[in-house]
Amino acid sequence: MNAGWRAIRGPLLNPLPAAGVDYWPDGVLVGDDRGRIVAVGAWEDVAARLNLAAAEVPRSRGLILPPLLDAHIHIPQHPIRGRFAEGIGTDPPGGRLLASLEKNVFPAEGRCEGPAHARHVVADFATDTLANGVIGGAAYMTVHARATRLALEHLPDTWSVGLVLMNNHCPSSLRTDEPGLAEDVDALARGFGRRLIVTDRFAVSVDTPLRREGVALARRHGLRMQTHLDEQRAEKKLVEEVLYPDVGNYTGVYARDGLLEREPILAHCIHLRSDEVDMIAASASSIAHCPVSNTLLGSGVMPLDTIRAAGIPHALCTDVGASPTTSLLCEMAQFLKVHAATSAAATPEEALRLVTVAPARMLGLGDRLGSFAAGMEWSFIEVACDGPVPTDARTAILVGLLRMTANDLEPWRQADDPRAVAIGRLRDQGLEWGHDLAVLDADVRATAKRLEHRVHRVTRAGSVVWESRGV
Ligand SMILES: [Zn+2]
């Protein structure tokens, strides 16, 4: 092997940019001294071509795959992950989402005003995401410019971070400092460029003048935006019938105020009408699809068939703190379950693509990350894989990564199984707290426990940046 090169050998999954996933039960990934990929493929082929000797190439500690990316996650909610809706009654006025924000989320975000606390939260977030193989994404911080700066400074450049805009339906201590906003955005954009993402929390929390100022600032600095859209029925009703009755639909609020022009990442997009789908498809928007959050909050099921057919870029994201874990493996498992019974069922290969190559493109990192090809970063994760080496991509993803069998998905397709019944109701009308949601909640939490922290090692551009202890 050339001096300065390094390589790793083992079962290797490679999600491809256009479609599909390559898999080699005995694969190898070769990098150069600058942390760039030289070659990827079957050991037999690559070793012969590059003159690699078996003795000089270490074996992996499990399945090798590209690092994961999470394009929708809330840093200040990391300490309350999985407790987002704790203590919320069965049918609160305005729905579970709005009640949870008020009771649990806003207090957690308010605490980040203090720099010591914010630093601690960001450090824990950085460690925990790495332990789950997540090396970048798009995150929400808070309304505080100081906390946003702290997050941008501490996290690697693969993370974009949002200064949150908010001036409506929120505690006065968590309102955007509107007179100082332009100066805050100028300073952050100067320091961090497009890693700063202008963040409209959602149409309930931001009025039109503030949204339009956010859009103008994003335009001035060439920044993109992120927000939430059509998450729950009660929220949609409030936006369309009470707050913006003259606009037509929820998506129309973002279109009218210019947000859709700023390449936004739109989280959830569950209750879209067809004219809303058309508006999104006609813009440069992407969708953050969060099946765990959508299940635990009883929000609904994103219409995957419609989003696929419209060609709208989308990726799987955790939406922590609504999810109990930063593990995107848990998100992949839930994706397969909630879409098991739809006309074009989700596949394991699709699930893997939606946490690697799809978010890499959405985040503008597609030339560095998300897939393995010569010239891209020699960045990869090694995930524990018990039992015999899988023989094909589907088995490697389902059994190796997600610790499931094909039979585990069967109940989710059976019309009379309680879990399939609950998903059906979630899709049709959303769920309040009750028997159906309790069944789904218990299943998600058990899956999260099973799949969390299964990553042995994370390598980024040639350097090990995280390694599990004692394995
Ligand atoms: Zn969110």
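What follows draws every value from the coordinates through simple rules; no lab data is involved. Remember, it's a predicted structure, so these values are computed and weren't measured experimentally. Here Cβ is always computed from backbone atoms with ideal geometry, including for glycine, and neighbour counts include all displayed protein chains.
By how many nm would the segment from R445 to R273 lengthen if fully extended, with 0.36 nm per residue of separation less the alpha-carbon distance?
Gain on stretching R445 to R273: 58.8 nm.
On full extension of the chain, what length is gained from D386 through D367, given 0.36 nm per residue of separation minus the C-alpha to C-alpha distance?
Extra length available between D386 and D367 comes to 3.7 nm.
Return the whole-Å distance between the Cα centroid of segment 84-105 and the Cα centroid of segment 49-78.
38
Can you spot the lysines whose alpha carbon is less than 21 Å from K236's alpha carbon? Ignore those fewer than 8 places along the same chain.
Answer for K236, where 21 Å is the Cα cut-off: K103, listed by chain and number.
Given the -39500 (n - 2.57) contribution per DSSP H run of 4+ residues, what per-residue ellipticity at 222 nm results for the chain, rounded to the nearest 500 deg cm²/dmol?
Calculated mean residue ellipticity at 222 nm is -9500 deg cm²/dmol.
Take the alpha-carbon centre of segment 1-42, take the same for segment 210-259, and report the distance between them in whole Å.
Their Cα centres are 42 Å away from one another.
If you take the beta carbon distance between T90 and R59 as r and set R0 to 56 Å, what does 1/(1 + (r/R0)^6) give as a FRET efficiency, to the nearest 0.05?
FRET efficiency, T90 to R59: 0.60.
Can you put S283, S205, S172, S299 in order of Cβ neighbours within 10 angstrom, beginning with the fewest?
Lowest to highest Cβ neighbour count: S172, S283, S205, S299.
Restricting to Cα pairs below 8 Å that are 6+ residues apart, what does the relative contact order work out to for segment 228-325? Please round to a whole percent.
27
Return the loop-located trypsin sites (Lys or Arg not before Pro) in segment 410-471 (DSSP other than H, G, I, E, B) with at most 14 other Cβ atoms within 10 Å of their own Cβ; answer none if there are none.
Taking segment 410-471 and a limit of 14 other Cβ atoms within 10 Å, the loop trypsin sites (Lys or Arg not before Pro) found are R469.
Which loop trypsin sites (Lys or Arg not before Pro) in segment 1-42, with loop taken from DSSP, have no more than 11 other Cβ atoms within 10 angstrom of their Cβ?
Listed in order of number, the matching sites are R34.
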